[in-house]
Amino acid sequence: MMNLDFKQIIPSIPYILQGISVTLEIVLLAGLLGFILGIILSLLKISSINILNWLADAYTSIFRGTPLVLQLMLIYYGSPQITGYQIQPYTAAVLSFALNSGAYVSEIIRAGILAVDKGQREAAMALGVPYRKMMWDIILPQALKNILPALMNEFISLTKESAIVTTIGVMDIMRRSYQVGAKYYSFFEPLLVAGLIYYLMVMILTLLGKALERRMRQGD
C-alpha cells in the first residue's frame, strides 16, 4: 500500500524552488561557454590544417566517449591531486558541463556549416571576402539558423543532466529535494516535486525554442 504524504513537505517546497536559480546559472553559463567552444572546435574540424583537425576530433571523441559524471568527478575530486588546489563545486560543474557540451555543439555546428550551399562560399571567395569575415558574416549565420532545433535539444539535455551536480554537493534542485527527503525520512514526495520542476523547465525551454525558430523563419 502506498504511504505518501505530500502535506509534510509543503513547507519545504520554497527551499527546493531556490535550487532553480542555481541550476539555471550553471546551465546558462556552461551553455554559453560550450557554445563558444563548439564554434572554435567546429572551425578547427573544417580547417585545412590536419593537426588542427586531429586535435579537435580527438577532443570530441574523448568527451563524447566518456560519461559526463566521470568528467565532473575527475575535475572536482582530481583537481587537488593535479593542481594542488580544490576547485569549488559550482566551478567544477560549470567547467565540466561546458567542456562536455562544447564537444557535442561542435559536431552540430560543423554539420550546419557543411550543409550551407557551397555556392555561398564560392561567391564570397570570388568577391575577395576574407575567410574570417566570410565565416562570421555569411556562413555561420546561415548554419546557426538551420541547426537551431539541434542546439535547443542540446541545451535541454544539459538542463536535465545538470542534476548530477548533486553528487559533488552543489545546492541545486536535486540536492535540496534529497535533503528534504532525509529530513522527513520520505524521499518519494520531494523527488517527485523535483521531477515536476525539471519537467516544467524543459517545457518552457521547448516553447521558447519553437518561438525563436518561428521568428527566425519569418525573418527569412
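Throughout, read-outs are computed from the coordinates displayed, never taken from laboratory work. Predicted model only: the values in this text are computed from it and were never measured. A quick note on method: Cβ atoms are made from the backbone with ideal geometry, for glycine too, and the neighbour counts reach across all protein chains shown.
Of all aspartates and glutamates in the structure, the ones whose alpha carbon falls short of 15 Å from that of residue 160, not counting any fewer than 8 places away in one chain, are 25, 172.
Charge dipole of the stretch 16-218 (Cα centre as origin; +1 on each Lys and Arg Cβ, -1 on each Asp and Glu Cβ, all else neutral): 340 debye, rounded to the nearest 20.
Given axes a ≥ b ≥ c from the Cα gyration tensor, I'd like to know whether the chain is rounded (a/c under 1.5), prolate (a/b larger than b/c) or oblate. Write down the numbers at each step before the final one.
Details: a/c = 3.38, a/b = 1.76, b/c = 1.92.
Verdict is oblate for the chain.
Each of 34, 23, 139 was placed along the dipole of the chain (beta-carbon charges, centred on the mean Cα), and the one lying farthest toward the positive end is 139. The packing ranking of peptides 190-200, 72-82, highest mean first, is 190-200, 72-82, where packing means the average number of other beta carbon atoms within 10 angstrom of each residue. Separation of the stretch 193-208 and the stretch 83-154, taken as the distance between their Cα centroids, equals 26 angstrom. Here's the list of lysines a cross-link from residue 7 could span, going by alpha-carbon distance under 16 Å and ignoring same-chain residues fewer than 8 apart: 183. Placing dummy labels 7 Å off each Cα toward the beta-carbon, the span from residue 53 to residue 137 is 2.9 nm.
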